[in-house]
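Worksheet: one structure, shown below.
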Amino acid sequence: MDLTPDMFTEEIEAAVKAFDLHIVCLDKSPEDCQASLESLLAKSIRAYETRREGMRHGIALDNQVTIILSLVDDEAKPMCGIYFNLHSPYKKKSLSPEPESAEQ
């Protein structure tokens, strides 16, 4: 079965609707989100179609979104998962340990 982005229109529309209603993102408008989802979907399809034997997934991601196509036993069409990578500007970055002096 040849996969095309059109096969996942319902999933993309649901993700854009969720983005528009629930996600606060200063980097992307809903229109930019739609374009990113379509681009990532094409990349995940390529990854899925060129995966090595025994692998079950095709994954594509950017800083805000991850799309995973997963092989489903006894199904021609893979399952499409669209995940928003949650980030908080209030999360503190962990401090890296002080490097030891070379003289010690």
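The values are calculated or read from the model by the stated rules, or taken from the named source; none is laboratory data. Just so it is clear, the model here is predicted, and its values are computed rather than measured. Cβ placement follows ideal geometry from the backbone for every residue including glycine, while neighbour counts extend to all protein chains displayed.
Listing for the model above:
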| item | result |
| --- | --- |
| Enumeration of residues in the range 66-77 that are polar (S, T, N, Q) and within 10 Å of the chain's Cα centre (by Cα) | T66 |
| Residue satisfying all of: in the range 15-34; surrounded by 13 or more Cβ atoms within 10 Å (Cβ to Cβ) and aliphatic (A, V, I, L, M); modelled with the lowest pLDDT among these | I23 |
| F8 in a helix (DSSP H, G or I), closer than 19 Å to L86 by Cα and in contact (Cβ under 8 Å) with a residue 40 or more places away in the chain | no |
| Residue list for the range 58-79, restricted to those being within 16 Å of P5 (Cα to Cα) and either in a strand (DSSP E or B) or at pLDDT 95 or above (or both) | G58, I59, A60, L61, T66, I67, I68, L69, S70, M79 |
| Of all residues in the range 44-65 being in contact (Cβ under 8 Å) with a residue 12 or more places away in the chain and surrounded by fewer than 16 Cβ atoms within 10 Å (Cβ to Cβ), the one that is nearest to the chain's Cα centre (by Cα) | L61 |
